[in-house]
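Undergrad: Can you read through this structure? Questions will come right after.
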Amino acid sequence: MKKMVVIVAIVFPFLIGVIFLGNCAEKKRLKEEYKVEENEKESIGEFPLLVSDDFEDGKSDRWITYPLENWKVMQDGNEKVFALIEPGQQREVRAPGAYAVLKDFDVTDFVFSGKIKSYQDSQISRRDMVVIFHYQDPTHFYYVHFSKISDQVHNIIAIVNGGDREKINHELAGDSQARLIDNEFHTFKVCYERRTSGICAYLDDMGEPILTAIDSTLSHGLVGVGSFDDTGCVDDIVLWGKKFRYK
Ligand SMILES: [Ca+2]
Ligand SMILES: [Ca+2]
């Protein structure tokens with residue numbers, strides 16, 4: 001009996017130790033496998049994290065780019081960024097001339113955030129970077145135009161629906177706050193809620209949108225970035241959302 005007690009006293013804590021260490025190893029493996037960074041939120045409300053990209057691996061194979069050769073991952077200071085190195089050309093409809101969209105994430109509701117920087121001369125008031133969403137094909141998508149000035153076609157939310165782009169945001173032409181004023185990075189966030197068809201766009205201040213709209217014309221598609229007719233770059237892209245499912 002005494003022998004039995006001694007064996008249990010030695011073996012039991014040993015087994016607990018093995019299970020505990022095994023659990024730690026499993027957690028470490030999962031963390032490595034999915035590379036969940038401490039600073040990346042795994043979900044926003046009910047929307048799971050779909051993708052994040054800081055371009056530090058030098059790759060851009062998650063993106064479809066237009067024009068193909070105008071985009072490349074390159075060094076910008078201490079960071080690798082995804083850069084639009086040549087402006088796009090105007091196409092058959094008035095719309096951003098260059099863009100890159102994330103190819104695997106056709107979303108309805110979403111929150112899309114990241115950093116954008118314009119390489120255009122800061123004296124040029126019509127300088128811009130855009131955020132694309134609900135992209136379905138080259139002439140059907142929405143975009144948020146961030147610029148240095150606000151008017152009917154600058155610093156707006158617009159729809160491209162088979163023809164020239166049209167302003168759809170509530171803020172009157174000239175009234176929206178234009179913050180793309182320099183050659184620094186600016187944090188953006190664009191959100192769409194399917195239930196209300198509400199669209200919100202933020203720049204620098206993540207608490208107060210500078211552009212708002214309600215529109216349900218397209219309702220789903222890919223997200224991305226670009227510029228109407230300038231150059232610039234993006235970094236630290238994060239997308240949370242609900243994937244669209246064909247019925
Ligand atoms: Ca980076
Ligand atoms: Ca421009």
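What follows draws every value from the coordinates through simple rules; no lab data is involved. As the structure is a computational prediction, the values presented were derived from the model and not from experiment. Virtual Cβ from ideal backbone geometry, glycine too; neighbours counted across all protein chains shown.
Undergrad: Would you order His186, His145, His170 from fewest to most other beta-carbon atoms within 10 Å of each residue's own beta-carbon? Could the numbers behind the result be given before it?
TA: Values: His186 18, His145 27, His170 12.
Ranked by crowding around the Cβ, least crowded first: His170, His186, His145.
Undergrad: Calculate one ³J(HN,Hα) per residue across region 130-140 by plugging θ = phi - 60° into the Karplus curve 6.51 cos²θ - 1.76 cosθ + 1.60, and present them in order as whole Hz with x for glycine and proline.
TA: In residue order, the calculated couplings are 10, 10, 9, 8, 6, 6, 10, 6, x, 10, 9 Hz.
Undergrad: Between Lys59 and Arg94, how high is the FRET efficiency from 1/(1 + (r/R0)^6) when r is the Cβ-Cβ distance and R₀ = 45 Å? Nearest 0.05. All intermediate terms of the calculation are to be shown ahead of the outcome.
TA: Numbers: r = 32 Å, r/R0 = 0.72.
Once the sixth-power term is evaluated, E becomes 0.90.
Undergrad: A further question follows. How far is it, in nm, from the label point at Ala173 to the one at Asp137 when both lie 7 Å from their Cα along the line to the Cβ?
TA: So the two model labels end up 3.0 nm from each other.
Undergrad: If you don't mind, there's one more thing I want to ask. Rg and Dmax in Å for region 43-243, alpha carbons only: what are they?
TA: 15.2, 42
Undergrad: What is the distance in Å between the Cα centres of region 136-206 and region 57-86?
TA: Value for the Cα centre distance between the two parts: 22 Å.
Undergrad: Counting other beta carbons within 10 Å of each residue's own, what order do Asp215, Asp104 fall into, fewest first?
TA: Details: Asp215 17, Asp104 11.
The most exposed by this proxy come first: Asp104, Asp215.
Undergrad: Further question on the same structure: Taking the number of other C-beta atoms within 10 Å as the exposure measure, put Met206, Met129, Met74 in order starting with the fewest. All intermediate terms of the calculation are to be shown ahead of the outcome.
TA: Numbers: Met206 11, Met129 28, Met74 14.
By the 10 Å Cβ count, ascending, the order reads Met206, Met74, Met129.
Undergrad: Next up: Quick one: length gained pulling Glu166 to Met74 fully straight, 0.36 nm per residue minus the C-alpha distance?
TA: Values: separation 92, 0.36 × 92 = 33.12 nm, distance 3.32 nm.
Using 0.36 nm per residue and subtracting the Cα-Cα distance, I get 29.8 nm.
Undergrad: Taking amide H atoms as placed 1.01 Å from N in the peptide plane, list the residues 5 or more away in sequence, or in a different chain, whose amide H sits under 5 Å from that of Asp76.
TA: Close amide H contacts, sequence-distant or interchain: Val81.
Undergrad: Taking a threshold of 25 Å on the Cα-Cα distance, which of the pairs Lys80/Lys243; Lys80/Lys167; Lys41/Lys243; Lys72/Lys243 fall above it? Before the final figure, lay out the partial values.
TA: Numbers: Lys80/Lys243 28 Å; Lys80/Lys167 33 Å; Lys41/Lys243 18 Å; Lys72/Lys243 27 Å.
Distance filter (> 25 Å) returns Lys80/Lys243; Lys80/Lys167; Lys72/Lys243.
Undergrad: While we're on this one: Fully extended, how many nm does the chain gain between Arg245 and Glu193 (0.36 nm per residue separation, minus their Cα-Cα distance)? Mind dumping the intermediate values first?
TA: On the way: separation 52, 0.36 × 52 = 18.72 nm, distance 1.59 nm.
Between Arg245 and Glu193, full extension yields an extra 17.1 nm.
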